[in-house]
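Trainee: Here it is, the structure in full.
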Amino acid sequence: MTFTGLRNFSSSCLLLLAVIVFCQSPMAQTKVLPENKQQVIMSFAPVVRQVAPAVVNIYAKVIRQRRTQPLFDDPFFRHFFGDGVPFGGSRKRIEKSLGSGVIVGKGGVVVTNNHVIKNARHVTVVLPDRREFDAKILLADEKTDLAVLRIQTGKEPLPTASFGDADELEVGDLVIAIGNPYGVGQTVTSGIISALARTNVGVSDFRSFIQTDAAINPGNSGGALVDLQGRLIGINTAIFSQRGGGSVGIGFAVPSNMVQTVVQSAVSGQPLVRPWLSLSGTSVTADMAEGLGLNRPTGVLVENVYPGGPADNAGIKRGDVITKIEKFAVEDEYALRFRLAARPIGKSVELSVLRRGITKPVRFKLIAPPEKPLRNETVIGGRNPFSGLKVVNLSPAVLEENNLRGSFAGVLVIAVKRSSPAIRLGFKPGDVFVQINGKSVKRVKDMERLLRDESQPWIIDIRRGKNKLRKRIG
């Protein structure tokens, strides 16, 4: 064979090989419908086989407080008296709560939703093979609606789910939800990621939920949301439903990054303490954006900076706009709080800060919120309108615990005794005393000193949420 013939033969072979490769390529396969069941290879079964053994049922005996007169729960009464109606007795009842959970640690560590086990006297975990174990609550966190349990199974190993990185998710990714809806038994549903970083779902304080159209129903709470690699990327926590209470294709899950932070704290045995940003701010609105030099409403406008705090020491000032935390965009104040809360104390964090049209990076070390001044928890007594209030000094730690923003001085009400003069006058937990008769209240001792003056009337300035109120008493 001549060199030319050999070359033509080689070219023909390469062309034939290219045709074969093309016919076997995904592009070629998309043009041909499967002719039989054997050609349809897409299935969630391998993922389910891997993860489902680690998804458990949770049964809790929960104490519920019920009024003997339901009329006092009417919105009319609650409008005037709040949650602490001073009349109408209540009765405690033990009810059963149903939910799901996921085994995430070799030592029998199970994560679920806080609302599944809240006020529980006894918690039972049932494995898919129907073995039952009593569970110990290691940590219950209302702010994330997560709870961590531990079951003792002896030396026998348990199946566990491994964590994935929720930050790698994209809208449109396929996901699988596994849980125990309505108590019918372990159920698997599938769907896609419908949205990320949903913050307008008011089921917890740290809001940045994964939204999915995988069917999630009552009883799925605490169950697993996994990707197609079988990695746990979220804990199912809530659904948007109509009157019937079932799924309408809008479900929400706590991202795995936050779940890991809570689990690590529970396993360590240390209290769950979140980093202190030492500033307060508000989400940038469309009206603000133009004046701040932004193309669209995004970011957090800094309103207050705690003197001497990490943000102050790093140079962040009132009027700055925080647009990113590390590589992640900060769309609103909820996104900023969530991103911060998912990070460990002791690590450094970098914020992108916009000031006068220029964005610059600001880096500082995350610390725990200090408890200075000390709380000095005190119950106000005596014959005065404030008798029955339980109050504490405000500190960064107390501010963070109670989700207070913008109030750095004052005395916080943490409880109001039933049938007390204070509750009849409408004082509520969360109120912050700022002034009494025109004089500043910075500490509990200031409040006690001012209350010794029994002059009439009393003029009280308080903060309730973002509102400033003035009460005239007497």
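Trainee: Those residues that are of a type in the set (K, R) and more than 21 Å from V441 (Cβ to Cβ), I need them from segment 355-414; list them, please.
Mentor: Result: R355, R356, K360, R363, K365.
Trainee: May I pose another question? Output the residue which, of all residues in segment 426-452 that are over 13 Å from P385 (Cβ atoms) and without any contact (Cβ under 8 Å) to a residue 24 or more places away in the chain, is farthest from the chain's Cα centre (by Cα).
Mentor: R452
Trainee: Yes or no: V391 in contact with a Phe, Trp or Tyr (Cβ under 6 Å, 6 or more places away or on another chain), under 30 Å from P369 (Cα atoms) and not hydroxyl-bearing (S, T, Y)?
Mentor: Spelling it out, it is not the case that V391 is in contact with a Phe, Trp or Tyr (Cβ under 6 Å, 6 or more places away or on another chain), under 30 Å from P369 (Cα atoms) and not hydroxyl-bearing (S, T, Y).
Trainee: Restricting to segment 440-460, and then to whatever is basic (K, R) and surrounded by 14 or more Cβ atoms within 10 Å (Cβ to Cβ), can you tell me which residue is farthest from N402 (Cα to Cα)? First the steps, then the outcome.
Mentor: In the first step, residues of segment 440-460 are kept if they are basic (K, R); the result is 442-443, 445, 449, 452.
The next check asks that each one be surrounded by 14 or more Cβ atoms within 10 Å (Cβ to Cβ); those that pass are 442-443, 445.
Working: K442: 17, R443: 17, K445: 21 Å.
Once the filter is applied, the top-ranked residue is K445.
Trainee: Which residue, of P369, P373, is buried (at least 20 other Cβ atoms within 10 Å of the Cβ) and either on the phi > 0 side of the Ramachandran plot or in a loop (DSSP other than H, G, I, E, B) (or both)?
Mentor: P369
Trainee: Only one of (1) buried (at least 18 other Cβ atoms within 10 Å of the Cβ); (2) without any contact (Cβ under 8 Å) to a residue 12 or more places away in the chain; (3) not polar (S, T, N, Q) fails for R463. Which number is that?
Mentor: Of the numbered conditions (1) buried (at least 18 other Cβ atoms within 10 Å of the Cβ); (2) without any contact (Cβ under 8 Å) to a residue 12 or more places away in the chain; (3) not polar (S, T, N, Q), the odd one out for R463 is (2).
Trainee: Would you check if there is a residue in segment 362-376 being over 30 Å from E448 (Cβ atoms), of a type in the set (K, R) and free of Cβ contacts under 8 Å to residues at least 24 places away in the same chain?
Mentor: No, segment 362-376 contains no residue that is over 30 Å from E448 (Cβ atoms), of a type in the set (K, R) and free of Cβ contacts under 8 Å to residues at least 24 places away in the same chain.
Trainee: Which one of the conditions (1) farther than 26 Å from T144 by Cα; (2) assigned to a loop (DSSP other than H, G, I, E, B); (3) out of contact with any Leu (no Cβ under 6 Å at 6 or more places or on another chain) does P361 fail to meet, given that it meets all the rest?
Mentor: (2)
Trainee: Another question about this same structure. Would you pick out the residues in segment 179-197 that are under 20 Å from the mean Cα position of the chain (by Cα) and either under 23 Å from I58 (Cα atoms) or surrounded by fewer than 17 Cβ atoms within 10 Å (Cβ to Cβ) (or both)?
Mentor: Selection gives G179, A195, L196.
Trainee: Continuing with the same structure: Answer yes if at least one residue in segment 143-157 is in a strand (DSSP E or B), at pLDDT 90 or above, of a type in the set (D, E, K, R) and more than 18 Å from the chain's Cα centre (by Cα), and no otherwise.
Mentor: yes
Trainee: Is it the case that some residue within segment 116-139 is within 28 Å of V330 (Cα to Cα) and crowded, with 22+ Cβ neighbours inside 10 Å?
Mentor: No: segment 116-139 contains no residue that is within 28 Å of V330 (Cα to Cα) and crowded, with 22+ Cβ neighbours inside 10 Å.
Trainee: OK, next. For T323, state whether it is free of Cβ contacts under 8 Å to residues at least 60 places away in the same chain, under 23 Å from P344 (Cα atoms) and not in a loop (DSSP other than H, G, I, E, B).
Mentor: yes
Trainee: May I ask you to list pairs of residues, at least six apart or on different chains, whose Cβ atoms are under 9 Å apart, with the first in segment 409-420 being farther than 16 Å from E377 by Cα and the second being assigned to a loop (DSSP other than H, G, I, E, B) and acidic (D, E)?
Mentor: none
Trainee: Across segment 256-279, what is the total count of residues that are surrounded by fewer than 21 Cβ atoms within 10 Å (Cβ to Cβ) and either of a type in the set (D, E, K, R) or more than 17 Å from A342 (Cα to Cα) (or both)?
Mentor: Within segment 256-279, residues that are surrounded by fewer than 21 Cβ atoms within 10 Å (Cβ to Cβ) and either of a type in the set (D, E, K, R) or more than 17 Å from A342 (Cα to Cα) (or both) number 1.
Trainee: OK, next. Residue check, S348 against (1) of a type in the set (S, T, N, Q); (2) farther than 27 Å from P271 by Cβ; (3) surrounded by fewer than 18 Cβ atoms within 10 Å (Cβ to Cβ), all met but one. Which one?
Mentor: Unmet for S348, out of (1) of a type in the set (S, T, N, Q); (2) farther than 27 Å from P271 by Cβ; (3) surrounded by fewer than 18 Cβ atoms within 10 Å (Cβ to Cβ): (2).
Trainee: Still on this structure: Filter segment 377-399 for residues that are β-branched (V, I, T) and within 20 Å of L450 (Cα to Cα) and give the result.
Mentor: T378, V379, I380, V391, V392, listed by residue number.
Trainee: With a cut-off of at least 2 residues that are in contact with a helix residue (DSSP H, G or I) (Cβ under 6 Å, 6 or more places away or on another chain) and under 19 Å from E303 (Cβ atoms), name the strands (runs of 3 or more DSSP E) lying wholly within segment 384-474.
Mentor: none
Trainee: Quick check on segment 433-450. Is at least one of its residues in contact with a Gly (Cβ under 6 Å, 6 or more places away or on another chain), modelled with pLDDT under 85 and either on the phi > 0 side of the Ramachandran plot or outside the structural domain of S283 (by TED's automatic domain parsing) (or both)?
Mentor: Checked segment 433-450: no residue is in contact with a Gly (Cβ under 6 Å, 6 or more places away or on another chain), modelled with pLDDT under 85 and either on the phi > 0 side of the Ramachandran plot or outside the structural domain of S283 (by TED's automatic domain parsing) (or both).
Trainee: Right, something else. Can you tell me which of G426, G388, G410 is closer than 21 Å to S280 by Cα, surrounded by 13 or more Cβ atoms within 10 Å (Cβ to Cβ) and among the small types (G, A, S)?
Mentor: Within the list G426, G388, G410, the selection yields G410.
Trainee: Name the residues in segment 269-321 that are farther than 16 Å from V353 by Cα, of a type in the set (S, T, Y) and out of contact with any helix residue (DSSP H, G or I) (no Cβ under 7 Å at 6 or more places or on another chain), would you?
Mentor: If the condition is that a residue be farther than 16 Å from V353 by Cα, of a type in the set (S, T, Y) and out of contact with any helix residue (DSSP H, G or I) (no Cβ under 7 Å at 6 or more places or on another chain), then T285 is the only one that fits.
The values are calculated or read from the model by the stated rules, or taken from the named source; none is laboratory data. In this text, all values refer to a predicted model and were calculated from it rather than measured experimentally. A quick note on method: Cβ atoms are made from the backbone with ideal geometry, for glycine too, and the neighbour counts reach across all protein chains shown.
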